[in-house]
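Novice: Questions regarding the structure given below will be posed in turn.
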Amino acid sequence: MIGRRTLLGNLALLTAMGALELGMAAPAFAEAWEEIPLWPGKPPGQGGPTGPEKLGAEGAGFGALSNISTPRMRVYRPAKANGAAVVVCGGGGYFRIQLWKESTPIARWLQQRGFTVFELIYRLPNDGWEATAPFMDAQRAMRIVRTRAAEFGIDPKQIGIMGFSAGGHLAGFTALQPQRRLYEGADQFEKASARPDFSVLLFPVVSLRKPYDTTRTRREIVGNTADLEAETAWSLDTYASADAPPTIIFASADDKTTPPGHGILLFEKLNAAGASPELHLFRDGGHGWGLGNPDQILNQWPEMFRRWFDSIKTR
């Protein structure tokens with residue numbers, strides 16, 4: 001596992017860099033996060049990587065984590081808790097997790113506004129784990145957070161999940177298939193529901209079928225030669241139903257990696273099923289925009305999420 005001191009130092013540097021890039025004063029580095037392992041001992045599932053975790057140092061993989069053998073959550077406690085929690089899943093096509101570009105900045109943003117945040121470090125099929133491993137980890141994370149809600153000052157009925165790109169696929173699958181039995185477990189956490197109370201999906205991978213069968217997510221989960229049955233089984237729209245949790249989707253019209261048709265498809269299916277979806281489609285922004293830049297309209301999405309959350313919380 002990467003050394004705690006190294007990661008804290010890198011995260012402090014990233015916080016300052018991100019603030020400067022956005023034209024803001026660099027905030028003081030908040031109290032160090034804590035980590036919660038998801039599993040006692042070896043996690044369920046076959047496979048796994050060899051060697052230490054890898055943290056990307058440049059290019060598209062800058063600040064992205066891979067070669068993960070110990071799935072866990074990083075906890076960001078707010079100074080004044082609002083009673084709500086969010087499990088955050090960075091994207092990366094199930095071959096890395098975009099921490100610094102996606103999950104960590106929004107974790108800090110939410111923390112500063114009263115949310116208790118659990119940044120999920122999940123296992124990756126590209127590291128040698130079986131394809132269901134990340135979904136096991138997400139279910140387990142939801143159960144741990146709900147079981148320990150009182151300890152964190154959380155309302156157990158205000159625990160949501162948020163995901164970017166492949167992390168959006170992971171979050172969406174967890175929201176739509178919380179009852180799917182992916183592993184055997186019998187400890188105190190397994191008594192809790194894995195169903196999120198709300199889901200937030202950013203440029204999510206939704207379908208693994210044509211014409212959306214070109215994503216890295218599809219290749220990592222079902223492979224290059226999967227049949228229609230496998231593609232359908234791992235597509236989010238397959239499981240749209242009236243009892244889906246309230247869901248808000250953000251996407252950009254010019255996204256070439258995960259075209260906006262993914263989010264539109266899920267919105268339409270959820271809406272037709274009688275669920276409570278909301279969709280925001282921005283004119284531009286491409287893919288992997290995280291918090292966004294000051295010159296982009298889409299940088300308003302975190303505040304849009306917060307106002308949406310307030311609206312569903314009061315229903």
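No value in this document is a laboratory result; all are computed from the given coordinates. On a predicted model such as this, the values are computed, not experimentally measured, just so you know. Here Cβ is always computed from backbone atoms with ideal geometry, including for glycine, and neighbour counts include all displayed protein chains.
Novice: Rank-order 135-143, 164-172 by packing density, defined as the average count of other C-beta atoms within 10 Å over each peptide's residues, highest first.
Specialist: Values: 135-143: 25.4, 164-172: 30.7.
Packing order, densest peptide first, comes out as 164-172, 135-143.
Novice: Scan the chain and note any complete DSSP helix (H) whose C-alpha atoms cover at least 24 Å along its axis and whose Kyte-Doolittle average is 0.5 or more. Intermediate values should be presented prior to the final figure.
Specialist: Values: long enough: 4-21 (25 Å, 0.66).
What comes out of the filter, once short or polar helices are dropped, is 4-21.
Novice: Right, here's the next one. So for the pair ASP310, ALA272, with labels modelled 7 Å out along Cα→Cβ, what separation do we get in nm?
Specialist: The modelled label-to-label distance comes out at 3.5 nm.
Novice: Still on this model: Decide, for the chain, between rounded, prolate and oblate: order the square roots of the alpha carbon gyration tensor eigenvalues as a ≥ b ≥ c, take rounded if a/c falls under 1.5, and otherwise choose prolate if a/b is larger than b/c, else oblate.
Specialist: Working: a/c = 1.16, a/b = 1.08, b/c = 1.08.
Rounded shape, in that the Cα axes give a/c under 1.5.
Novice: Can you flag which of LYS191/LYS313; LYS256/LYS313; LYS54/LYS210; LYS269/LYS313; LYS80/LYS269; LYS101/LYS256 are past 28 Å Cα-Cα? Please report the intermediate quantities before stating the final value.
Specialist: Numbers: LYS191/LYS313 25 Å; LYS256/LYS313 34 Å; LYS54/LYS210 33 Å; LYS269/LYS313 23 Å; LYS80/LYS269 37 Å; LYS101/LYS256 18 Å.
Too far apart for the 28 Å limit: LYS256/LYS313; LYS54/LYS210; LYS80/LYS269.
Novice: Using only Cα atoms, locate the centre of segment 232-288 and the centre of segment 181-201, then give the distance between them in Å, rounded to an integer.
Specialist: Here the two parts' Cα centres lie 22 Å apart.
Novice: State which stretch of the chain is the longest one without any exposed GluC sites (Glu not before Pro), exposure meaning a DSSP loop state and at most 13 other Cβ atoms within 10 Å.
Specialist: Values: sites that count: GLU31, GLU58, GLU184.
Excluding the exposed sites themselves, the longest stretch runs over 185-315.
Novice: Right, something else. For every other residue with a beta carbon closer than 9 angstrom to the beta carbon of GLY47, add +1 if it is Lys or Arg and -1 if Asp or Glu, then tell me the sum.
Specialist: Working: positive: ARG123; negative: ASP127, GLU130.
Once all neighbours under 9 Å are counted, the net charge is -1.
Novice: For GLU58 and SER241, FRET efficiency with R0 = 30 Å and r from the beta-carbon atoms, rounded to 0.05?
Specialist: On the way: r = 43 Å, r/R0 = 1.43.
After rounding, the FRET efficiency stands at 0.10.
Novice: Over segment 67-217, what is the mean sequence separation of C-alpha contacts under 8 Å (at least six apart), divided by residue count, expressed as relative contact order in percent? Before the final figure, lay out the partial values.
Specialist: Numbers: 323 pairs, mean separation 40.8, N = 151.
Relative contact order comes out at 27 percent.
Novice: Let me know the shape class of segment 239-315, please: from the alpha-carbon gyration tensor, a ≥ b ≥ c as square roots of the eigenvalues, rounded when a/c is under 1.5, otherwise prolate if a/b is greater than b/c, or oblate.
Specialist: Details: a/c = 3.12, a/b = 1.34, b/c = 2.33.
Oblate, since a/c reaches 1.5 and b/c is not below a/b.
Novice: Subtract the Cα-Cα distance of THR214 and ALA32 from 0.36 nm times their separation in residues, and report this length gain in nm to one decimal. Could you put the intermediate results ahead of the total?
Specialist: On the way: separation 182, 0.36 × 182 = 65.52 nm, distance 3.88 nm.
That works out to 61.6 nm of additional length.
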